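Asks: Dumping the structure here so I can ask a few things about it.
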Amino acid sequence: MGNKKIGVFVCHCGTNISATVDVEKVAEETKKNNPGVSYTTTYKYMCSDPGQKLLRDKIKEEGLDGVVVAACSPKMHEHTFRNAAIKTGLNPYHVEISNIREQCSWVHPEIPVGTEKSTDLVRMMTEKVRKDKSLNAIKVPVTKRALVIGGGIAGIQAALDIADGGHEVIMVEREASIGGHMAQLSETFPTLDCSQCIMTPKMVEAAQNDNITMHTWSEIESVDGYIGNFTVKIRKKARSVDLDLCTGCSSCWQVCPCSKIKSEFDMGLGNRTAIYIPFPQAIPSKPVIDRENCILFKDARKKNIKPNDSKVCRKCIDACPIAPVKAIDYNQEDEIIEVKVGAIIVATGYKELEDGLYGEYGGGKYEDVITGLQFERLASASGPTEGVIKRPSDGKEPEIVVFIQCVGSRDPAKGCSYCSKTCCMYTAKHTMLYKHKVHHGHAFVFYIDIRCAGKGYEEFSQRAIEEEGATYLRGRVSRVYKKGEKLVVLGADTLTGSVVEIEADMVVLASAMKAQDDAMEIAQKLSIQYDKDKFLSEIHPKLKPVESSSAGIFLAGTCQGPKDIPETVAQAGAAASKVLALLSSDELEREPVVARVDRQLPPVFSTCIGCFYCQKVCPYSAIESEDIKARDGSVIKTVARVNEGLCQGCGLCAATCRSKSIELDGFNDEQIYAEINAVEFN
Amino acid sequence: MKIKITTKELKSDFAKEVEERSGIDVKKCYQCGKCTAGCPVAYEMDYMPNQIIRFVQIGARREALTSRTIWLCASCITCTTRCPKEVKIAELMDVLREMSLEEGLANPLEKNITTFHEAFLNSVKKHGRISELWMLNEYKMKRPKTALQDLIVGPQMLSKGKLSFLPHDIKGKDAVKRIFEKCK
């Protein structure tokens, strides 16, 4: 293809390019000095309709078989111009973009420099185009089933939306029940509607939907494959209860003698038994045995016998009315199941900042210093106090409650520089809930800023101050210490420049939303990126907010960053619509810019020496090994192979390969050297 | 000056008391500072107008009532006119001045101003209107240090007929007097 007829189209981009690049001169020079460039022109806006038409017409009229568009970054309009080429019958991979805007006109203030550099850049690209080969889109089949990891509001919403779209969904939740954090909340801002009242119908809907298969008490073991074709292994942790047999009659947990275990659902403020359901509306409403704390399992571990052989306590199994086979099975073991899905939504949620981190606030030391989620449980009708606000230490009604905002948030010294976004609103809500229940009580809030951006949010926080009479004090609290029965809160009011000292009965910390402890692990299993705070990263913060860095894997909810319920639901819906779009076609077309390990005729087979350095550097786990076998089945050679479905065309493997056996289609060595040489020899 | 706010102040009914007397709900103020930004005498004040409201909000009675700010306020009403939350700040200052006098907390540094207010009201009480010369007379008698202040403009005002030697009573003088009686 050495004697291609190449056309060069130089864009003015209004004055974006033409102000510092003499575009006419670039076109002229290019034509004069580059044999093979048979046509050059300039146009005000190449990306406009008439600009594209010009491109199409000239390809036909001049019989061009290679095109360089000198314009903005290929990230902007490469797609546009390649699509225009397709319409003329030209293979789109013979169209290249020379970036003379971001990399030239915008950074060079003078015309001579800009023009000279642009001419160079265009020449480089014409040399590349000479070496361009036709490439065809890669087609991959799609498994029409989705996986949703996490059964909180984000996961449930996404699963329901996909199921309503007519596709199967597999939902994996690691806790014994779906519901997540939203099920723990008492009332929700800014409408103060009961969280469980709006959450439980969704949970029931998900449970009853025929398209949704739920795996609770289960975790993701491994994820392999690529967009449209993932293979996922799910570990179904031993529940010790047979979900098919159990009717959730409650006989077992009523007789369980281990009743002093701190309830995780109640954030440690209430107790649960060893065989338990996390909360009354749990789905499935069937118990699980906490093997760590159950005396039978403790005994079995000590004696190193099978749990069923232990005779310490068999109250639950004795109480189980199911016959002839009991629904409780002490010897049940973890089970690993394998599913095939076409798309994955990650909705693994957040965790609340551990309260021990703020020693100066007495978190984890004083019983009456509690976190936001603990306050939610205190205020919840289904909580340990049935909604009566009581001090955890002595059960007294607190008359002065101090709420401290930004505990963990906006505190780089504690490793958390971001704003958790929801705390301003939930603290305002907490003051209201408190004042509704303790009319004569005083609520004080220490804040740095009140950030209530959202529909009805500002009005809500002002209502807490104006109507409910919460007193807001502007300043971070320095210290909380105990004085008799009281907690002394030392803070400031920077608006008046005063030191503030409050003797409080209870202190509520608006603790930050943090990434789950094992967020990195799940990111690694899925080969997706996460940020400095271990929140999973979207691929583009503005234009691709629900797409992860791996194709076919989407993000929903707080695993991606702190957000409130409306935002979570909206994001879950967005992720679901992306999944539905993906599952709507039988085959996917992928850009053919992928790496390729060379294959040769026997006896060489491949120049690959099988060092698999490429496998180590590949961020997408796209390198597989392939055995080249003789007719008798014996392995002659083990070489690398690129999985086209997984490869994102980053080129790391090609750069790493020691035997130069890997080429990146569209950016092969020949093309890159042609570009480089075009600069060196002029 | 270091200010310390404790549970006592925070739990006090100062804001409620102010609201009862003035009808102004100080809780509405979200401390944007627009009142301070537009105040023509803020540069002379010890606390900014928004800080005075803040004192009321957090129950810092002493700080509010002993401040010089409440006396320096010229009642130009710029703050009230511009307040986004419709807090009547200038009117609030009025109530705070009253409370400050009642409780004997008026800042001694602003004695000139309180005396001027007294002389002004006395003149109105007596004549139903201001008699500039007699009012000034009373003021300067009570604050002898100010005796020579602004004396130079006296002759000019006299020549232009802005000052008269004899007080002019209004017709409804008795009615004004009754207003004063009722306000006691």
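Asks: Looking at (1) at pLDDT 95 or above; (2) within 11 Å of another protein chain (Cβ to nearest Cβ); (3) surrounded by fewer than 20 Cβ atoms within 10 Å (Cβ to Cβ), which one does B:ARG68 not meet, given that it meets all the others?
Replies: Here B:ARG68 meets the rest and fails (2).
Asks: Looking at A:GLY408, A:GLY415, A:GLY395, which one is in contact with a Leu (Cβ under 6 Å, 6 or more places away or on another chain) and over 20 Å from A:LEU192 (Cα atoms)?
Replies: Numbers: A:GLY415 fails: in contact with a Leu (Cβ under 6 Å, 6 or more places away or on another chain); A:GLY395 fails: in contact with a Leu (Cβ under 6 Å, 6 or more places away or on another chain).
Of the residues listed, the single one that is in contact with a Leu (Cβ under 6 Å, 6 or more places away or on another chain) and over 20 Å from A:LEU192 (Cα atoms) is A:GLY408.
Asks: Hey, can you tell me all the residues within segment A:274-330 that are in contact with a helix residue (DSSP H, G or I) (Cβ under 8 Å, 6 or more places away or on another chain), of a type in the set (Ser, Thr, Tyr) and over 10 Å from A:CYS252 (Cα atoms)?
Replies: Scanning segment A:274-330 gives A:SER310, A:TYR330.
Asks: Shifting gears a bit: Return yes when A:GLY268 is crowded, with 16+ Cβ neighbours inside 10 Å, farther than 30 Å from A:SER621 by Cβ and not charged (D, E, K, R) and no when it is not. Quick ask: steps written out before the conclusion?
Replies: Values: crowded, with 16+ Cβ neighbours inside 10 Å: yes; farther than 30 Å from A:SER621 by Cβ: yes; not charged (D, E, K, R): yes.
When the stated conditions are applied, A:GLY268 passes them.
Asks: Kindly check whether there is at least one residue in segment A:410-432 that is hydrophobic (A, V, I, L, M, F, W, C), under 19 Å from A:TYR366 (Cβ atoms), within 14 Å of another protein chain (Cβ to nearest Cβ) and buried (at least 18 other Cβ atoms within 10 Å of the Cβ). Give the steps one after another, and end with the answer.
Replies: Of the residues in segment A:410-432, the ones hydrophobic (A, V, I, L, M, F, W, C) are A:413, A:416, A:419, A:423-425, A:428, A:432.
Now drop any that are not under 19 Å from A:TYR366 (Cβ atoms), which leaves none.
The answer is no, given that none of the residues of segment A:410-432 is hydrophobic (A, V, I, L, M, F, W, C), under 19 Å from A:TYR366 (Cβ atoms), within 14 Å of another protein chain (Cβ to nearest Cβ) and buried (at least 18 other Cβ atoms within 10 Å of the Cβ).
Asks: Filter segment A:637-650 for residues that are more than 10 Å from A:ARG596 (Cα to Cα) and either β-branched (Val, Ile, Thr) or over 24 Å from the mean Cα position of the chain (by Cα) (or both); which is surrounded by the most Cβ atoms within 10 Å (Cβ to Cβ)?
Replies: Looking at the filtered set, the residue picked out is A:VAL639.
Asks: Output the number of residues of segment A:340-371 satisfying the condition of being within 26 Å of the chain's Cα centre (by Cα) and either outside any loop (DSSP other than H, G, I, E, B) or at pLDDT 95 or above (or both). Before you say what the answer is, go through the steps one by one.
Replies: Within segment A:340-371, the subset within 26 Å of the chain's Cα centre (by Cα) is A:340-355, A:357, A:371.
Okay, now just the ones that are also either outside any loop (DSSP other than H, G, I, E, B) or at pLDDT 95 or above (or both), so A:340-352, A:355, A:357, A:371.
Final tally of qualifying residues: 16.
Asks: Here's a follow-up. Taking the stated definitions as given, is B:TYR43 of a type in the set (Phe, Trp, Tyr) and farther than 23 Å from A:ILE502 by Cβ? So that I can check it myself, show each step before the final result.
Replies: Numbers: of a type in the set (Phe, Trp, Tyr): yes; farther than 23 Å from A:ILE502 by Cβ: yes.
So B:TYR43 fits the description; yes.
Asks: Report, by residue number, each residue of segment A:258-276 that is over 20 Å from A:PRO392 (Cβ atoms) and modelled with pLDDT under 95. Give the steps one after another, and end with the answer.
Replies: Kept after step one, since they are over 20 Å from A:PRO392 (Cβ atoms), are these residues of segment A:258-276: A:258, A:273-276.
Result: A:CYS258, single match.
Asks: Tell me, please, whether a residue that is β-branched (Val, Ile, Thr), touching a residue at least 24 places away in the same chain (Cβ under 8 Å) and within 14 Å of chain A (Cβ to nearest Cβ) can be found in segment B:44-52. Outline the logic, then answer.
Replies: Taking segment B:44-52 as the starting set, the residues that turn out to be β-branched (Val, Ile, Thr) are B:52.
Now narrow it down to the ones that are touching a residue at least 24 places away in the same chain (Cβ under 8 Å): B:52.
Imposing the further condition that a residue be within 14 Å of chain A (Cβ to nearest Cβ) reduces the set to B:52.
Within segment B:44-52, one or more residues are β-branched (Val, Ile, Thr), touching a residue at least 24 places away in the same chain (Cβ under 8 Å) and within 14 Å of chain A (Cβ to nearest Cβ).
Asks: Here's another thing I want to ask about it. Would you confirm whether any residue within segment B:1-19 is more than 25 Å from A:ASP449 (Cα to Cα) and away from chain A (no Cβ under 14 Å)?
Replies: yes
Asks: I've got another one for you. I'm checking my understanding of the structure. Among residues of segment A:527-548 that are touching a residue at least 40 places away in the same chain (Cβ under 8 Å) and buried (at least 18 other Cβ atoms within 10 Å of the Cβ), which one is farthest from A:TYR457 (Cα to Cα)? Walk me through how you get there before you give the answer.
Replies: Pass one, segment A:527-548, residues touching a residue at least 40 places away in the same chain (Cβ under 8 Å): A:527-528, A:533, A:536, A:548.
Then keep just the ones that are buried (at least 18 other Cβ atoms within 10 Å of the Cβ); that gives A:527-528, A:536, A:548.
Numbers: A:SER527: 37, A:ILE528: 34, A:LEU536: 27, A:SER548: 30 Å.
Step by step, filter segment A:527-548, then rank; the result is A:SER527.
Asks: Follow-up question, since we're still on this one. In the set A:ILE623, A:ILE628, which member is among the β-branched types (Val, Ile, Thr), without any contact (Cβ under 8 Å) to a residue 40 or more places away in the chain and farther than 24 Å from A:LYS525 by Cα?
Replies: Numbers: A:ILE623 fails: farther than 24 Å from A:LYS525 by Cα.
From the options A:ILE623, A:ILE628, the qualifying one is A:ILE628.
Asks: Filter segment A:74-114 down to residues that are of a type in the set (Gly, Ala, Ser) and in contact (Cβ under 8 Å) with a residue 60 or more places away in the chain and give me whichever is surrounded by the most Cβ atoms within 10 Å (Cβ to Cβ). Break it down into steps so the answer makes sense when it comes.
Replies: First, the residues of segment A:74-114 that are of a type in the set (Gly, Ala, Ser): A:84-85, A:89, A:98, A:105, A:114.
Applying the additional criterion that residues be in contact (Cβ under 8 Å) with a residue 60 or more places away in the chain yields A:105, A:114.
On the way: A:SER105: 26, A:GLY114: 24.
Among those that are of a type in the set (Gly, Ala, Ser) and in contact (Cβ under 8 Å) with a residue 60 or more places away in the chain, it is A:SER105.
Asks: Still on this structure, I have one more. So which strands (runs of 3 or more DSSP E) are wholly in segment A:498-552 and hold at least 3 residues that are within 14 Å of another protein chain (Cβ to nearest Cβ) and under 30 Å from A:GLU399 (Cα atoms)? Steps first, answer last, please.
Replies: Details: elements: A:498-504, A:506-511, A:513-515.
In segment A:498-552, the matching strands (runs of 3 or more DSSP E) lie at A:498-504.
Asks: Here's a follow-up. Given the criteria surrounded by fewer than 14 Cβ atoms within 10 Å (Cβ to Cβ), assigned to a strand (DSSP E or B) and not aromatic (Phe, Trp, Tyr), does A:ILE337 qualify?
Replies: Working: surrounded by fewer than 14 Cβ atoms within 10 Å (Cβ to Cβ): yes; assigned to a strand (DSSP E or B): yes; not aromatic (Phe, Trp, Tyr): yes.
The answer is yes for A:ILE337.
Asks: May I pose another question? Specify which of the listed residues (A:VAL26, A:VAL37, A:VAL67) is in contact (Cβ under 8 Å) with a residue 60 or more places away in the chain, surrounded by 13 or more Cβ atoms within 10 Å (Cβ to Cβ), over 15 Å from A:THR119 (Cβ atoms) and among the β-branched types (Val, Ile, Thr). Outline the logic, then answer.
Replies: Values: A:VAL26 fails: over 15 Å from A:THR119 (Cβ atoms); A:VAL37 fails: over 15 Å from A:THR119 (Cβ atoms).
Only one candidate passes the filter, namely A:VAL67.
Asks: Would you please name the residue that is surrounded by the fewest Cβ atoms within 10 Å (Cβ to Cβ), looking only at residues in segment B:1-51 that are under 18 Å from A:ALA492 (Cβ atoms) and among the hydrophobic types (A, V, I, L, M, F, W, C)?
Replies: My answer is B:MET1.
Asks: If you scan segment A:441-468, which residues turn out to be within 18 Å of B:VAL26 (Cα to Cα), more than 11 Å from chain B (Cβ to nearest Cβ) and surrounded by 21 or more Cβ atoms within 10 Å (Cβ to Cβ)?
Replies: Listed by number, the list holds a single entry, A:VAL445.
Asks: For B:LYS111, indicate whether it is farther than 30 Å from B:ASP25 by Cα, in a helix (DSSP H, G or I) and not aliphatic (A, V, I, L, M).
Replies: Working: farther than 30 Å from B:ASP25 by Cα: no; in a helix (DSSP H, G or I): yes; not aliphatic (A, V, I, L, M): yes.
No; evaluated as a whole, the condition is false for this residue.
Condition check ((1) within 22 Å of A:PHE446 (Cα to Cα); (2) in a loop (DSSP other than H, G, I, E, B)) across all residues:
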residue: B:TYR43; (1), (2): no, no
residue: B:ASP46; (1), (2): no, yes
residue: B:ARG54; (1), (2): yes, no
residue: B:SER67; (1), (2): no, yes
residue: B:TRP71; (1), (2): no, no
residue: B:THR81; (1), (2): no, no
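Asks: Within the bounds of segment A:566-585, is there any residue that is under 22 Å from the mean Cα position of the chain (by Cα), within 17 Å of A:LEU652 (Cβ to Cβ) and buried (at least 17 other Cβ atoms within 10 Å of the Cβ)? Talk me through it step by step, then tell me what you get.
Replies: Filtering segment A:566-585 for residues under 22 Å from the mean Cα position of the chain (by Cα) gives A:566-583.
If we keep only those that are within 17 Å of A:LEU652 (Cβ to Cβ) as well, we get none.
No, every residue in segment A:566-585 fails to be under 22 Å from the mean Cα position of the chain (by Cα), within 17 Å of A:LEU652 (Cβ to Cβ) and buried (at least 17 other Cβ atoms within 10 Å of the Cβ).
Asks: A further question follows. With respect to B:THR78, is the statement that it is away from chain A (no Cβ under 14 Å), in contact (Cβ under 8 Å) with a residue 40 or more places away in the chain and of a type in the set (S, T, N, Q) true?
Replies: Values: away from chain A (no Cβ under 14 Å): yes; in contact (Cβ under 8 Å) with a residue 40 or more places away in the chain: yes; of a type in the set (S, T, N, Q): yes.
So B:THR78 fits the description; yes.
Table: residues versus (1) closer than 27 Å to A:PHE460 by Cβ; (2) hydrophobic (A, V, I, L, M, F, W, C); (3) touching a helix residue (DSSP H, G or I) at 6+ places or on another chain (Cβ under 6 Å); (4) assigned by TED's automatic domain parsing to the domain that holds B:ASP94.
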{"residue": "B:GLU19", "(1), (2), (3), (4)": "yes, no, no, yes"}
{"residue": "B:ILE24", "(1), (2), (3), (4)": "yes, yes, yes, yes"}
{"residue": "B:LYS28", "(1), (2), (3), (4)": "yes, no, yes, yes"}
{"residue": "B:GLN57", "(1), (2), (3), (4)": "yes, no, yes, yes"}
{"residue": "B:ARG61", "(1), (2), (3), (4)": "no, no, yes, yes"}
{"residue": "B:LEU65", "(1), (2), (3), (4)": "no, yes, yes, yes"}
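Asks: Go through segment A:469-493 and give me each residue that's more than 10 Å from every other protein chain (Cβ to nearest Cβ), out of contact with any Leu (no Cβ under 8 Å at 6 or more places or on another chain) and surrounded by fewer than 20 Cβ atoms within 10 Å (Cβ to Cβ). Full working, then the answer.
Replies: First, pick out the residues of segment A:469-493 that are more than 10 Å from every other protein chain (Cβ to nearest Cβ): A:475-485, A:487, A:490.
From the residues that got through so far, the ones that are out of contact with any Leu (no Cβ under 8 Å at 6 or more places or on another chain) too are A:475-476, A:482-485, A:487, A:490.
Those that are more than 10 Å from every other protein chain (Cβ to nearest Cβ), out of contact with any Leu (no Cβ under 8 Å at 6 or more places or on another chain) and surrounded by fewer than 20 Cβ atoms within 10 Å (Cβ to Cβ): A:GLY475, A:ARG476, A:LYS482, A:LYS483, A:GLY484, A:GLU485, A:LEU490.
Asks: Shifting gears a bit: Give the residues of segment A:438-468 that are closer than 19 Å to A:ALA379 by Cα and touching a helix residue (DSSP H, G or I) at 6+ places or on another chain (Cβ under 7 Å), sorted by residue number.
Replies: A:GLY441, A:HIS442, A:ALA443, A:PHE444, A:VAL445, A:PHE460, A:SER461, A:ALA464, A:GLU468
Asks: What number goes with the only condition from (1) modelled with pLDDT under 95; (2) within 14 Å of chain A (Cβ to nearest Cβ); (3) closer than 25 Å to B:TYR139 by Cα that B:LEU101 does not pass?
Replies: The failed condition is (2).
The values are calculated or read from the model by the stated rules, or taken from the named source; none is laboratory data. Note that this is a predicted model, so its numbers are computed, not measured. No Cβ is skipped: glycine too gets one built from the backbone with ideal geometry, and neighbour counts run over all protein chains shown.
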